[in-house]
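Computed from the coordinates by the stated procedures, all read-outs in this text should not be read as laboratory data. A quick note: this is a predicted structure, and the numbers were derived from the prediction, not measured. Positions of Cβ are backbone-derived with ideal geometry, glycine not excepted, and every protein chain shown enters the neighbour counts.
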Amino acid sequence: EPFTQKISIGGDANAKAFRIDKEKYGVEILFLNLVLRDATGTEVSRNFYWLPRGKDILDYPKTEFYHTPIKEFVDLKSMQQIEKVELSFDYTLKTKGSWTELSIHISNPTDKAAILARIRMLDSSTLEELSPVYYSENFVSLAPGEKIGVTAKIETRLIPLGGVKVALDGFNVAGRQL
């Protein structure tokens with residue numbers, strides 16, 4: 001369920017904007033898509049969280065200077081039951097000097113979250129992944145109905161003569177190539 005909370009704080013400050021009652025939703029794992037926008041509505045930051053009902057149990061007696069080991073991990077088995085989703089995407093390629101830029105537009109038309117969608121640029125003939133490619137985001141998670149844009153850059157000399165395909169897959173994302 002979408003929720004918006006407006007707050008006003010300084011650039012180097014923090015504030016408690018809201019409290020999440022995980023029990024209210026009756027699910028083992030709650031997904032939180034946290035988007036921070038400035039006063040003009042421009043997106044400043046975007047973070048996607050998995051909030052399990054329980055908590056890891058820390059082994060405090062074994063704490064060292066910078067690390068506390070985990071005695072028991074929270075149960076995330078329900079993640080294996082998440083339904084696959086099919087994302088929509090399209091892309092454009094533009095050459096700028098010795099670099100080619102890929103602009104990808106991804107949308108989640110489903111009523112389920114898309115977890116850890118991975119974008120890859122492939123040789124269209126061999127379907128081998130091209131490298132190095134510099135992505136603005138490596139993996140993205142999308143809330144139901146959400147749309148995002150991702151960019152990638154590759155040296156033009158590394159693009160095969162037969163062109164490229166773009167692949168999209170992920171944790172619960174059905175694989176597709178264009």
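Taking only the alpha carbons of the stretch 107-178, we obtain Rg and Dmax values of 13.1, 41 Å in that order.
With an a/c value of 1.5 or above and a/b not larger than b/c for the gyration tensor axes a ≥ b ≥ c computed over the alpha-carbon atoms, the stretch 1-73 is described as oblate. Beyond a 18 Å Cα-Cα separation, which of these cross-linked pairs lie in this structure: Lys24/Lys147; Lys84/Lys112; Lys24/Lys55; Lys22/Lys62; Lys94/Lys153? Where the Cα-Cα span goes over 18 Å, the pairs concerned are Lys24/Lys147; Lys22/Lys62. The stretch 101-156 and the stretch 31-57 have Cα centres spaced 20 Å apart.
Peptide packing: for 87-99, 166-178, 66-78, the average count of neighbouring Cβ atoms within 10 Å per residue gives the ranking 166-178, 87-99, 66-78, highest mean first.
For Cα pairs less than 8 Å apart in space and 6+ apart in sequence, what is the mean separation divided by the residue count of the chain, i.e. the relative contact order in percent? Write out the running numbers ahead of the final one.
Values: 316 pairs, mean separation 31.2, N = 178.
18 percent.
Above 24 Å lies some portion of the pair distances; for the chain, what is it as a whole percent of all C-alpha pairs? The calculated P(r) of the chain puts 54 percent of pairs beyond 24 Å. Counting only DSSP beta bridges whose two residues both lie in the stretch 8-109, roughly 100 percent are antiparallel.
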